[in-house]
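Only the coordinates and a few stated rules stand behind these numbers; no lab work does. None of these values were measured; they are calculated from a predicted model. No Cβ is skipped: glycine too gets one built from the backbone with ideal geometry, and neighbour counts run over all protein chains shown.
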Amino acid sequence: GAVVSQHPSWVICKSGTSVKIECRSLDFQATTMFWYRQFPKQSLMLMATSNEGSKATYEQGVEKDKFLINHASLTLSTLTVTSAHPEDSSFYICSASVTGTMGRTGELFFGEGSRLTVL
Amino acid sequence: AQSVAQPEDQVNVAEGNPLTVKCTYSVSGNPYLFWYVQYPNRGLQFLLKYITGDNLVKGSYGFEAEFNKSQTSFHLKKPSALVSDSALYFCAVRDTFGGGGNKLTFGTGTQLKVEL
């Protein structure tokens, strides 16, 4: 299957700093990537849809200025948590949709997730 | 709007016994249905999907799921559970009606615990 790489796996930062999380599709091109947030023992909450070469589409209630998403190429999307605070501590997961010759059925492949802890 | 319900927060089963993790869905058009598994502090791994065709879908690690249109269900099953199957399982749906790209809606997850 398609491989999605997410980095870093773990990050600890001080309150007020910014943290960047990268999501890469390693063996396919992803025009669309999705960013999710997962709280302990809860489901995935879609934060935004990242489209290559255009602005991300944010879900209702997600602060655009807080969670900056950039999809500069067909294989890379980044999520930057700006001025992080303890309440931003969470597990962030990216996913990419496989299109083209690998299928058009909307199957998503996920990164391994990034655990953010803000002190 | 599309939605998914996983009515059980946790399912306990003894190793070697069959397991079922329930999922029901709601869509406007025809559904694309998926099952994913998540191990602690890891991303989601794809197990299987239903797009069209046979209602019984076979996937990874011996799992299978049966699409039932009349009951709008897509329950995950395995004939003989293993301790290593213990994980968090998510059902997801994508509506083929109304666009929306490839956005999936996930259920709340079911924690499967397989004991010796």
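Just checking the output field for A:22-35: average partner chain Cβ neighbours within 10 Å of each residue's Cβ?
Taking all residues of A:22-35 together, the mean is 1.
Just tell me how shielded A:88-96 is by partners: mean number of partner chain Cβ atoms within 10 Å of each residue's Cβ, no decimals.
Per-residue shielding by partner chains comes out at 2.
How shielded is B:39-45 by partner chains, expressed as the average number of their Cβ atoms within 10 Å of its Cβ atoms?
Averaged over the peptide's residues, the number is 6.
Treating only the Cβ atoms of Lys and Arg (+1) and Asp and Glu (-1) as charged, compute the dipole magnitude of chain A about its Cα centre; round to the nearest 20 debye.
120 debye
Under a GNM of chain B (C-alpha, springs under 10 Å), which listed residue has the highest mean-square fluctuation: B:ALA92, B:ALA14, B:ALA81?
B:ALA14
Nearest 5 percent is fine: what portion of the DSSP beta bridges confined to chain A is antiparallel?
90 percent
From the Cα gyration tensor of the range B:25-102, with a ≥ b ≥ c the square roots of its eigenvalues, which class applies: rounded if a/c is under 1.5, or else prolate if a/b is larger than b/c, or else oblate?
Oblate shape, in that a/c is at least 1.5 and b/c is the bigger or equal ratio.
Taking every DSSP beta bridge with both residues inside chain B, roughly what % is antiparallel (nearest 5)?
Within chain B, antiparallel bridges account for around 85 percent of the total.
If I model a spin label as a point 7 Å beyond the Cα along the Cα-Cβ vector, how far apart are those points for A:GLU87 and A:ASP65 in nm?
In this crude label model, A:GLU87 to A:ASP65 measures out at 1.6 nm.
Compute all pairwise cysteine Cβ distances in the protein assembly as shown, then list the cysteines with no distance under 4.7 Å to another cysteine.
A:CYS13
Among A:THR31, A:THR78, A:THR57, which one moves the most in a GNM of chain A with springs linking Cα atoms closer than 10 Å?
A:THR57
Considering only A:SER54, A:SER18, A:SER97, give the residue with the highest GNM mean-square fluctuation for chain A, with springs between Cα atoms whenever their separation is below 10 Å.
So, out of A:SER54, A:SER18, A:SER97, the one fluctuating most is A:SER54.
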